[in-house]
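J.: Before anything else, here's the structure in question.
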Amino acid sequence: MMYGFTWDTATPLTYAWSILPIILIGLTVTLKAAAAGFAIALVLGLVFAMLRRSRFRSVSWTTACVVEFLRDTPLLVQLFFLYYVLPEYGVTLPAFLTGALALGLQYSAYTSEVYRGGIEAVPRGQWEAATALNLTRMQTYRDIVVPQIVPRILPAMGNYMVAMIKETPVLSVITVLDMMALANMIGERTFEYLVPLTMVGLIFLILTLICSAGLHRLQKVLPKAGIPLR
Amino acid sequence: MQWVSYLPSLAQGALVTAWITLAAIAIGALLAFVAGIARVEGGRIVSTLALCYTELFRGTSLLVQLFWFYYALPLIGISFEPVATGILVLALHVGAYGSEIVRGALASVSVQQVEAARALNFGRWHTLVHVTLPQALIEMLPAFGNLAIETLKLSSLVSLISIADLTFRAQSIRNLTLDSAGVYTLTLVGYFAMSLVLMMVMRLIERLARRGAAFPRAAHS
Amino acid sequence: MTDNVKPPLIQFAGVTKRFGALTVLDNFNFEVAPGEKVTLIGPSGSGKSTVLRILMTLEPFQEGRLTLAGMDYHEPGAAAPFRASERHLRNIRSHVGMVFQSFNLFPHMSVIRNVAEAPVRVLGLSRDEAQARAVDLLALVGLADKKDHFPSQLSGGQQQRVAIARALAMRPRVLLFDEPTSALDPQLVGEVLAVIRDLAHEHDLTMLLVTHEMRFAREVSDRVCFFDKGQICEQGSPEAIFTAPSHPRTCEFLASVLG
């Protein structure tokens, strides 16, 4: 029994039906973790992209190294690092937040590249016009650059969001009770892993198929409803 | 200098990581070509099968696949060694993502090339092997380089099915010494170094592939 | 004609500008009086646009001194020579506006927002005040009815007129025009020149204009400067330059463009 739901292992079908509510509770955790992680990645990635364009060589170079390091090391090890090392320095976060932070850090390396590509595609005249109108650098990014790159970078960002959703099961290793963790716990207690793990796989498949279809539609709609770019 | 004592064990783990990664990339690349070519050149049934494989392994989470192969399959009588399971699952993952790269690169070869081959009465297979694939191969290399690094990173997940790779060793040492900062920093640096080596190798392959005068775009890889 | 009593508003003293090994301005000296309308002409690559871009702080320079209304472009007491803090540069920019060859309107903003955005963000006007100012200026350039359009829906000439309104909305003392009609189809040049011509009648506005429209330069300017190889070869009243050029390079250039 878990979360007040008892399982019925009579047949695979009844078993699946009886544990579905538990798995769905896990799904909400999975989605929340992905949402929190992606929000962090979106903000941090933009910060990295801006720092990389800094006029100070030391700042841009350091940022490039940090981004490269984040991108080239495994999420799982970064997750362990945050989970075990942060408390040693007095930062004790709930496992869920640690997980979201790890996801966000890893993906900020990817999103910063997407932002960078988008920013580089903004014509130089736009920056010069903003300078001539005496906008600050912050205002230029916020009012001129970011609004112009949003339609351009949405598809790439969407792909990374889908990728992140698929990586959330890793958080189960630091005791976050997502779909994967719950399916494993059910498996441990019933000695029957096939059904719960298959269900989790299927739910991921459905999720990604829906997201891909949504992204596909978005790409078709964007040029019409989006901002005229030329 | 406590961390020096971790090095031998971590190095052994790194070897396992390297072996699993390289094996998965090699088998995965093969799968990628088979599935990618099947999607472009195959008849309806073959290309649909390839599409199902790609979507299935791209659409479900790698960790779920790993646990499924490790915990669930033995229950219906199919079981492998942990290392074989790890390599197989990673290879299937590489194959699924790689097939998209192969498909995209084949599609990027201009129609004129295919038409020229047809005008010379080349067969389909001949066109593929001697006209389209050689041109597409160069286009695929950067994407395969990224996929290789992705695979190295994802190989850390095999530690969760009790394979003594770099991450697994790091966990064991941490549990023993409780020196989290030292162990994980070393581990991260280890993965980073391996990524850099992998990246350099891929760049080298790309440079060699582009060396021929046939691809004048070599200048800006 | 220049008014010799007033101190110059803009003063280049021995300014040298290099792009790597290429020297674009070489020990350049140049003064502009308040309210003066000066046209810079000359072959392309002669450094005319660079003068405007330096004034707009879009380009740094390496030697010499540049002042605007007594303010030094290189902040006195800055960390290093030929450096200035962002705050100092923003202070200078508040006196200068620029109209670009390629308009550089913000494609994601409506016409009225293009004009009103900077007054709100930079000058701190309320939305209503800025909108009212924008409507007036759009009327001035003859585009009041297009205020809710997006730049991509306008012709090149209309876009450039919006860009002029946008620059004016900041109430600059100096307005720089960098080949404002070069990117336009010939039939659209007239409407833009008409707007600039009206502005030239404003007493207080100092205008620097880089253009290839010689007839127009002759009409609107108080002074014409002929540029060659990073130097002013010859300058004087439009009459003098266009009817009786004395420098051989000027004669050559005018012959080629007026042909």
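J.: For the range A:193-230, what are the residues that are over 18 Å from A:VAL170 (Cα atoms), modelled with pLDDT under 90 and buried (at least 19 other Cβ atoms within 10 Å of the Cβ)?
T.: None - no residue of the range A:193-230 is over 18 Å from A:VAL170 (Cα atoms), modelled with pLDDT under 90 and buried (at least 19 other Cβ atoms within 10 Å of the Cβ), so the list stays empty.
J.: Another question about this same structure. Considering only the range B:54-88, state which residues are of a type in the set (S, T, N, Q), closer than 24 Å to A:PRO12 by Cα and in contact with a helix residue (DSSP H, G or I) (Cβ under 6 Å, 6 or more places away or on another chain).
T.: Result: B:THR60, B:SER61, B:GLN65.
J.: Outside any loop (DSSP other than H, G, I, E, B), surrounded by 18 or more Cβ atoms within 10 Å (Cβ to Cβ) and within 19 Å of the chain's Cα centre (by Cα), is that true of C:PHE253?
T.: In short, no.
J.: So, one more: Given the range A:122-230, what helices (runs of 4 or more DSSP H) lie entirely inside it while holding 1 or more residues that are farther than 21 Å from C:HIS108 by Cα and touching a helix residue (DSSP H, G or I) at 6+ places or on another chain (Cβ under 8 Å)? Steps first, please.
T.: On the way: elements: A:124-132, A:146-167, A:179-190, A:194-225.
Hits in the range A:122-230: A:146-167, A:179-190, A:194-225.
J.: Something else: Only one of B:ALA24, B:ALA18, B:ALA29, B:ALA14 is hydrophobic (A, V, I, L, M, F, W, C), closer than 25 Å to B:GLY182 by Cα and under 13 Å from the mean Cα position of the chain (by Cα). Can you tell me which?
T.: Working: B:ALA24 fails: closer than 25 Å to B:GLY182 by Cα; B:ALA29 fails: closer than 25 Å to B:GLY182 by Cα; B:ALA14 fails: under 13 Å from the mean Cα position of the chain (by Cα).
Unique residue meeting the criteria: B:ALA18.
J.: Quick test for you: out of B:ALA193, B:ALA181, pick the one residue that is more than 8 Å from chain A (Cβ to nearest Cβ) and either free of Cβ contacts under 8 Å to residues at least 60 places away in the same chain or acidic (Asp, Glu) (or both).
T.: B:ALA193
J.: When you scan the range B:27-43, do you find a residue that is within 14 Å of another protein chain (Cβ to nearest Cβ), at pLDDT 95 or above and surrounded by fewer than 21 Cβ atoms within 10 Å (Cβ to Cβ), even just one?
T.: No, the conditions are met nowhere in the range B:27-43.
J.: What number of residues in the range B:55-87 are of a type outside the set (A, V, I, L, M), free of Cβ contacts under 8 Å to residues at least 40 places away in the same chain and within 21 Å of B:VAL16 (Cα to Cα)?
T.: Final tally of qualifying residues: 5.
J.: Let me spell it out: the conditions are (1) within 13 Å of chain B (Cβ to nearest Cβ); (2) at pLDDT below 95, and A:GLY118 meets all of them except one. Which number is the exception?
T.: If we test A:GLY118 against (1) within 13 Å of chain B (Cβ to nearest Cβ); (2) at pLDDT below 95, just (1) comes out false.
J.: Name the single residue, out of those in the range C:128-183 being among the charged types (D, E, K, R) and away from chain A (no Cβ under 14 Å), that is farthest from the chain's Cα centre (by Cα).
T.: Applying the first criterion (among the charged types (D, E, K, R)) to the range C:128-183 yields C:128-129, C:133, C:136, C:145-148, C:161, C:166, C:171, C:173, C:178-179.
Next cut, away from chain A (no Cβ under 14 Å) only: C:128-129, C:136, C:145-147, C:161.
Details: C:ASP128: 28, C:GLU129: 26, C:ASP136: 22, C:ASP145: 27, C:LYS146: 25, C:LYS147: 24, C:ARG161: 14 Å.
Per the stated criteria, the residue is C:ASP128.
J.: If only one of B:LEU152, B:LEU90, B:LEU166, B:LEU137 is touching a residue at least 40 places away in the same chain (Cβ under 8 Å) and more than 13 Å from chain A (Cβ to nearest Cβ), which one is it?
T.: Working: B:LEU152 fails: more than 13 Å from chain A (Cβ to nearest Cβ); B:LEU90 fails: more than 13 Å from chain A (Cβ to nearest Cβ); B:LEU166 fails: more than 13 Å from chain A (Cβ to nearest Cβ).
Residue meeting the stated conditions: B:LEU137.
J.: Still on this model: Based on this model, can you work out whether A:GLY26 counts as surrounded by 20 or more Cβ atoms within 10 Å (Cβ to Cβ) and of a type outside the set (A, V, I, L, M)? Show your work before the answer.
T.: Details: surrounded by 20 or more Cβ atoms within 10 Å (Cβ to Cβ): yes; of a type outside the set (A, V, I, L, M): yes.
For A:GLY26, the condition - surrounded by 20 or more Cβ atoms within 10 Å (Cβ to Cβ) and of a type outside the set (A, V, I, L, M) - is met.
J.: Name the residues in the range A:1-50 that are of a type in the set (Phe, Trp, Tyr) and modelled with pLDDT of 95 or more, would you? Walk me through it before giving the result.
T.: Applying the first criterion (of a type in the set (Phe, Trp, Tyr)) to the range A:1-50 yields A:3, A:5, A:7, A:15, A:17, A:38, A:48.
If the condition is that a residue be of a type in the set (Phe, Trp, Tyr) and modelled with pLDDT of 95 or more, then A:PHE38, A:PHE48 are the ones that fit.
J.: Scan the range A:64-82 residue by residue and report those that are surrounded by fewer than 18 Cβ atoms within 10 Å (Cβ to Cβ) and within 9 Å of another protein chain (Cβ to nearest Cβ).
T.: So the first thing to find is which residues in the range A:64-82 are surrounded by fewer than 18 Cβ atoms within 10 Å (Cβ to Cβ), and the list is A:64-66, A:68-69.
Correct list: A:GLU68, A:PHE69.
J.: Between a residue in the range A:189-203 that is more than 13 Å from B:TYR70 (Cα to Cα) and any residue that is outside any helix (DSSP H, G or I), which pairs come within a Cβ distance under 6 Å, given they are 6 or more apart or on different chains?
T.: A:THR190/A:THR9; A:GLY201/B:THR60
J.: For C:GLY45, only one of the following conditions fails: (1) surrounded by fewer than 17 Cβ atoms within 10 Å (Cβ to Cβ); (2) on the phi > 0 side of the Ramachandran plot; (3) part of a strand (DSSP E or B). What is its number?
T.: Against the list (1) surrounded by fewer than 17 Cβ atoms within 10 Å (Cβ to Cβ); (2) on the phi > 0 side of the Ramachandran plot; (3) part of a strand (DSSP E or B), C:GLY45 comes up short only on (3).
J.: Just wondering, is there one or more residues in the range A:164-173 that are within 10 Å of chain C (Cβ to nearest Cβ) and touching a Gly at 6+ places or on another chain (Cβ under 8 Å)?
T.: no
J.: For the range A:109-120, which positions are in contact (Cβ under 8 Å) with a residue 40 or more places away in the chain and either among the polar types (S, T, N, Q) or farther than 20 Å from A:LYS166 by Cβ (or both)?
T.: Scanning the range A:109-120 gives A:THR111, A:SER112, A:TYR115, A:ARG116, A:ILE119.
J.: When you go through C:GLY64, C:GLY97 one by one, which is the residue that is surrounded by 15 or more Cβ atoms within 10 Å (Cβ to Cβ), in a strand (DSSP E or B) and within 14 Å of another protein chain (Cβ to nearest Cβ)?
T.: On the way: C:GLY64 fails: within 14 Å of another protein chain (Cβ to nearest Cβ).
Just one listed residue meets the conditions, C:GLY97.
J.: Moving to a separate point now. Can you work out which of the residues in the range C:110-127 that are outside any helix (DSSP H, G or I), more than 8 Å from chain A (Cβ to nearest Cβ) and in contact (Cβ under 8 Å) with a residue 40 or more places away in the chain is nearest to C:LEU68 (Cα to Cα)?
T.: C:LEU123
J.: Quick check, is A:VAL85 of a type in the set (Val, Ile, Thr), within 13 Å of another protein chain (Cβ to nearest Cβ) and either outside any helix (DSSP H, G or I) or on the phi > 0 side of the Ramachandran plot (or both)?
T.: no
J.: Now for a different question. Among the residues of the range A:88-108, write down those that are in contact (Cβ under 8 Å) with a residue 12 or more places away in the chain and within 11 Å of chain B (Cβ to nearest Cβ).
T.: A:GLN106
J.: Could you tell me which residue of the range A:30-63 is farthest from A:ILE119 (Cα to Cα), considering only residues that are within 14 Å of chain B (Cβ to nearest Cβ) and out of contact with any Gly (no Cβ under 7 Å at 6 or more places or on another chain)?
T.: Taking the candidates together, the pick is A:THR30.
J.: Could you list, in sequence order, all residues of the range A:128-141 that are more than 16 Å from C:ALA116 (Cα to Cα) and more than 9 Å from chain C (Cβ to nearest Cβ)?
T.: Residues satisfying the conditions are A:MET138, A:TYR141.
J.: Another question, if that's okay. Of everything in the range B:11-65, what is over 21 Å from B:VAL109 (Cβ atoms) and small (Gly, Ala, Ser)? Give them in sequence order.
T.: The answer is B:ALA11, B:GLY13, B:ALA14, B:ALA18, B:ALA23, B:ALA24, B:ALA26, B:GLY28, B:GLY59, B:SER61.
J.: Could you count how many residues in the range B:1-26 are surrounded by fewer than 17 Cβ atoms within 10 Å (Cβ to Cβ) and in contact with a Gly (Cβ under 7 Å, 6 or more places away or on another chain)?
T.: Of the residues in that region, 2 qualify.
The values are calculated or read from the model by the stated rules, or taken from the named source; none is laboratory data. Worth saying up front: this structure is predicted, and the values here are computed from it rather than measured. FYI the Cβ positions are ideal-geometry reconstructions off the backbone, even for glycines, and counts take in every protein chain you see.
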